[in-house]
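The values are calculated or read from the model by the stated rules, or taken from the named source; none is laboratory data. Everything quoted here is computed from the prediction, not taken from an experiment. Quick reminder, even Gly has a Cβ in these numbers, built from the backbone with ideal geometry, and neighbours come from all protein chains shown.
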Amino acid sequence: MSEANFLQRLAAIVGERNLITGAEAAPYLTDWRRRYTGRARCVVKPASTEEVAAVVALCAGERIPMVPQGGNTGLVGGATPRHDGGEVLIKLSRMKRIREIDAVNNTLTVEAGCLLAEAQAAAASVDRLFPLSLAAEGSCEIGGNLSTNAGGTAVLRYGTMRELTLGLEAVLPDGRVWRGLRGLRKDNTGYDLKHLFIGAEGTLGIITAAVLKLFPLPRKRATAWLALRDPATAVALLARLRDACGERVTAFEIISRAALALVLKHISGARDPLVNVSPWYVLVELTDTLADFDLTGALEAILSTEIEAGRMMNAVLAQDMAQAQTFWQLRERISEAQRVEGISIKHDIAVPVSRIAEFIARADAALTQAFPAVRIVTFGHIGDGNLHYNLSQPAAVNADFIARTPAVNRIVHDIVTELGGSISAEHGLGQLKRTEILRYKSAVEIDLMRAIKHALDPHGLMNPGKVL
């Protein structure tokens, strides 16, 4: 089939306005971090599962590879095409429908292009909570959240997207549609196929819709910004908080002074919540569905005990939702501030919560010895063991800083592995870590992953060059 005929057939499926070629495709070809830029044969914007299936079937018949893309907020180049320009980029943002809200079953059925913030709002409209929360929730899409098994700030209480998903609909690499949109908590009828697609970054098929779990809407919230001496103190505090408050502990985020300093430097209106500088901070949030429970009083009593015992340097409790939001803005805008500061070497790692302090101490010491001028920016979801452990370029710009990425990664990832951790906690592998993972997964795991890939996508057409 000629290129012109191929493009005509795509246009017939999605409409001429939703087939993009040439220079107009540029906004879709670079990732959020601006680290990866590729080329594509074209960009298509289907509006339904049927259109996605028709596009995939056409591409499969011509052996043309495909790259699915949602909000394009990923950090590992997983939704960016390669440089050869041979791929069709399938942009899912037109698929935004809320298909069903079942408040009694506590489920929400949404299409892949639905913004995370829109899914949250749909849940709130029936007095329910969809708890996934990310800094990019106003621009990231549900399909991308599923494809990367997104985590965010509330994993401590609610889990990742795997735990928040009951059913899926997906277009397979040959254009067939698997319709698994079942809102069941129990279904023992063979393999749980949805877990093949969640976290697969579009390499096994294209997720088009999902049934998501909803929860009771919190009626009370208590938020505090804490100053601590070190990560070990933070981990110990987390244990005591959970002993005292149980599942009310919804978020527990750690922020180094270096991370906060970048926000104060680059984000307009940012203010330090405390007068005295501390080496480490924790942002803690408790929530409860009981409107008459004194959550703020309970948190205040615990923090007062910690300060009196000398285990905490200082703390400030948010007096209202507006102040709580200012605390959260300090946490959620760290990545943006670091991007303004300049290039960085990023790590999205997980270790057991009990090993977090050891990881930070060992990695800091090893990197400082190897690269004396480096600035280490640490923050993340300490409550579930996931740290964003980033190295900013030295204050005196070093032209070969980014070229040191392999050596830096080796130090960080070796320590992570020795501590029983993962080199990718919630961002996925994408292009960034697809070769790195070969060092840290066993040959058996890699063989199993490749066997699954070959079984579903024997011609290697789905998001090639990613994950494997």
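List the strands (runs of 3 or more DSSP E) inside the range 293-406, counting only whole elements, that have at least 3 residues being over 25 Å from the mean Cα position of the chain (by Cα) and not assigned by TED's automatic domain parsing to the domain that holds residue 233.
none
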Scanning the range 207-255 for residues that are among the polar types (S, T, N, Q) and surrounded by 22 or more Cβ atoms within 10 Å (Cβ to Cβ), which turns out farthest from the chain's Cα centre (by Cα)? 223
Do you know which of the residues in the range 431-464 that are within 21 Å of residue 407 (Cβ to Cβ) and in contact (Cβ under 8 Å) with a residue 12 or more places away in the chain is farthest from the chain's Cα centre (by Cα)? 439
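I'd like the full set of residues that are under 18 Å from residue 207 (Cβ atoms) and assigned to a strand (DSSP E or B), limited to the range 92-109.
Quick first cut of the range 92-109, residues under 18 Å from residue 207 (Cβ atoms) only: 92-100, 107-109.
Correct list: 98, 99, 100, 107, 108, 109.
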When residues of the range 295-313 are limited to those that are more than 16 Å from residue 234 (Cα to Cα) and touching a residue at least 12 places away in the same chain (Cβ under 8 Å), the one surrounded by the most Cβ atoms within 10 Å (Cβ to Cβ): 295
For the range 351-365, enumerate the residues that are within 18 Å of residue 258 (Cα to Cα) and of a type in the set (Gly, Ala, Ser). 357, 361, 363, 365
Going residue by residue through the range 69-91, is there one that turns out to be part of a strand (DSSP E or B), of a type in the set (Lys, Arg) and within 30 Å of residue 185 (Cα to Cα)? no
Working only within the range 335-360, note down all residues that are modelled with pLDDT under 95, under 29 Å from residue 440 (Cβ atoms) and among the β-branched types (Val, Ile, Thr). 343, 345
Just give me the residues in the range 264-294 being among the aromatic types (Phe, Trp, Tyr) and surrounded by fewer than 20 Cβ atoms within 10 Å (Cβ to Cβ), in sequence order. 293
Give me the pairs: first residue in the range 3-29 and over 17 Å from residue 86 (Cβ atoms) and touching a residue at least 12 places away in the same chain (Cβ under 8 Å), second residue among the charged types (D, E, K, R) and assigned to a helix (DSSP H, G or I), beta-carbon distance under 6 Å, and six or more apart or on different chains, which are they? 13/51; 14/51
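Yes or no, residue by residue, for (1) modelled with pLDDT of 90 or more; (2) over 16 Å from residue 424 (Cα atoms); (3) surrounded by fewer than 17 Cβ atoms within 10 Å (Cβ to Cβ):
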position: 324; (1), (2), (3): yes, yes, no
position: 366; (1), (2), (3): yes, yes, yes
position: 387; (1), (2), (3): yes, no, no
position: 403; (1), (2), (3): no, yes, yes
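Test residue 63 against the criterion of being part of a loop (DSSP other than H, G, I, E, B), in contact (Cβ under 8 Å) with a residue 40 or more places away in the chain and at positive phi, and give yes or no. Before the answer, list the steps.
Working: part of a loop (DSSP other than H, G, I, E, B): yes; in contact (Cβ under 8 Å) with a residue 40 or more places away in the chain: yes; at positive phi: yes.
It is true that residue 63 is part of a loop (DSSP other than H, G, I, E, B), in contact (Cβ under 8 Å) with a residue 40 or more places away in the chain and at positive phi.
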Residue 58 passes all but one of the listed conditions (1) in a loop (DSSP other than H, G, I, E, B); (2) closer than 21 Å to residue 460 by Cα; the exception is number (1)
Please go through (1) assigned to a helix (DSSP H, G or I); (2) at pLDDT 95 or above for residue 4 and return the number of the only condition it doesn't satisfy. (2)
Scanning the range 5-25 for residues that are among the acidic types (Asp, Glu) and either under 31 Å from the mean Cα position of the chain (by Cα) or surrounded by 17 or more Cβ atoms within 10 Å (Cβ to Cβ) (or both) gives 24
Does residue 419 satisfy the criteria of being under 20 Å from the mean Cα position of the chain (by Cα), surrounded by 16 or more Cβ atoms within 10 Å (Cβ to Cβ) and aliphatic (A, V, I, L, M)? no
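Does the range 178-192 hold any residues that are surrounded by 16 or more Cβ atoms within 10 Å (Cβ to Cβ) and among the hydrophobic types (A, V, I, L, M, F, W, C), and which are they?
Those that are surrounded by 16 or more Cβ atoms within 10 Å (Cβ to Cβ) and among the hydrophobic types (A, V, I, L, M, F, W, C): 178, 181.
Name the strands (runs of 3 or more DSSP E) wholly within the range 135-221 that hold at least 2 residues that are among the β-branched types (Val, Ile, Thr)? Steps first, please.
Numbers: elements: 165-171, 177-180, 206-213.
Result: 165-171, 206-213.
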When both residues are 6+ apart or on different chains and their Cβ atoms are under 6 Å apart, which pairs have a first residue that lies in the range 235-248 and is assigned by TED's automatic domain parsing to the domain that holds residue 384 and among the basic types (Lys, Arg), and a second that is at pLDDT below 95 and surrounded by fewer than 18 Cβ atoms within 10 Å (Cβ to Cβ)? none
So, in the range 136-161, how many residues would count as being surrounded by fewer than 20 Cβ atoms within 10 Å (Cβ to Cβ) and closer than 24 Å to residue 94 by Cβ? 2
